[in-house]
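Data block below; observations after.
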Amino acid sequence: MKTKLLIPANILIPLALFGAIFTVFTVSFDLTSFGIPLAAGKFLTYIAFLCSFLVALVLISDVFRNNIPGKYLWTLGFLISGGITGLFYLRSRPKYFVQA
């Protein structure tokens, strides 16, 4: 049985993109060398982690409500890298609901 996402996919995809890109970017590079103040860099990091956490929570609840095959692997992926795995799940989500 297919249930809707708690937050629509057209909002989750930009959140997942923002979370994935800025988490990797702000953790990998020193933003002060690009002229971004330290406080702004920390704020971007917190917002990126918050976006990834929100995406992970919504998609974990979706995986368990819809009884998706491999739900424990999806959950592990969401917890390790919420934004990147979230993008893959949102892209492949419709194929789990195709009637055979």
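The values are calculated or read from the model by the stated rules, or taken from the named source; none is laboratory data. Everything quoted here is computed from the prediction, not taken from an experiment. Here the Cβ is made from the backbone with ideal geometry for all residues, glycine too, and neighbour counts use every protein chain on show.
Considering region 4-43, the residues that are surrounded by fewer than 11 Cβ atoms within 10 Å (Cβ to Cβ) and polar (S, T, N, Q) include one that is modelled with the highest pLDDT, namely N10. Within region 69-100, restricting attention to residues that are hydroxyl-bearing (S, T, Y) and surrounded by fewer than 13 Cβ atoms within 10 Å (Cβ to Cβ), the residue that is farthest from the chain's Cα centre (by Cα) is Y72.
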